[in-house]
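K.L.:
Okay, here's the structure, questions in a sec.
The values are calculated or read from the model by the stated rules, or taken from the named source; none is laboratory data. Owing to the predicted nature of the structure, the values given are computational and were not obtained by experimental measurement. For neighbour counting, all protein chains shown are included, and Cβ atoms are generated from backbone atoms with ideal geometry for every residue, glycine included. Only protein heavy atoms, including side chains, enter the accessible area calculation; ligands, DNA and RNA are left aside. Shrake-Rupley method; radii C 1.70, N 1.55, O 1.52, S 1.80 Å.
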Amino acid sequence: MEVKIGVQHAPREITLESGQSAEEVERLVAEALGGKAQVLILEDSHGRKVLIPADRLAYIELGEPSARKVGFGAA
């Protein structure tokens, strides 16, 4: 699943491919925004962890990865 994270005062969003389910990511985000966790911790598909302070979260976008089209005929 593709996860895009907007961070306050950061010029770019963080994008990662996660092996976690949408429900699990939603639960972790809700805990971070609800004050149960001070840091949002997500793991990408390669086993690397991304840690974001909960008070700096701007937005989270969850979705399936889209197939990239390559070539001149891609429209």
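K.L.:
Please specify each residue of the stretch 23-47 satisfying the condition of being part of a loop (DSSP other than H, G, I, E, B) and over 19 Å from Gly6 (Cβ atoms).
P.N.:
Gly35, Lys36, Ser45, His46, Gly47
K.L.:
Also, quick follow-up: With the structure loaded, tell me whether Val50 is surrounded by 14 or more Cβ atoms within 10 Å (Cβ to Cβ), of a type in the set (Val, Ile, Thr) and modelled with pLDDT of 90 or more or whether it fails that test.
P.N.:
In short, yes.
K.L.:
Mind checking whether some residue in the stretch 60-67 is modelled with pLDDT of 90 or more, touching a Ser or Thr at 6+ places or on another chain (Cβ under 8 Å) and either assigned to a strand (DSSP E or B) or open to solvent by 90 Å² or more (accessible area, probe 1.4 Å) (or both)?
P.N.:
no
K.L.:
Oh, and also: Could you please tell me which pairs satisfy a Cβ distance under 6 Å, a separation of 6+ or placement on different chains, a first residue in the stretch 40-57 that is in contact (Cβ under 8 Å) with a residue 12 or more places away in the chain, and a second residue that is of a type in the set (A, V, I, L, M) and open to solvent by 80 Å² or more (accessible area, probe 1.4 Å)?
P.N.:
Ile41/Leu51
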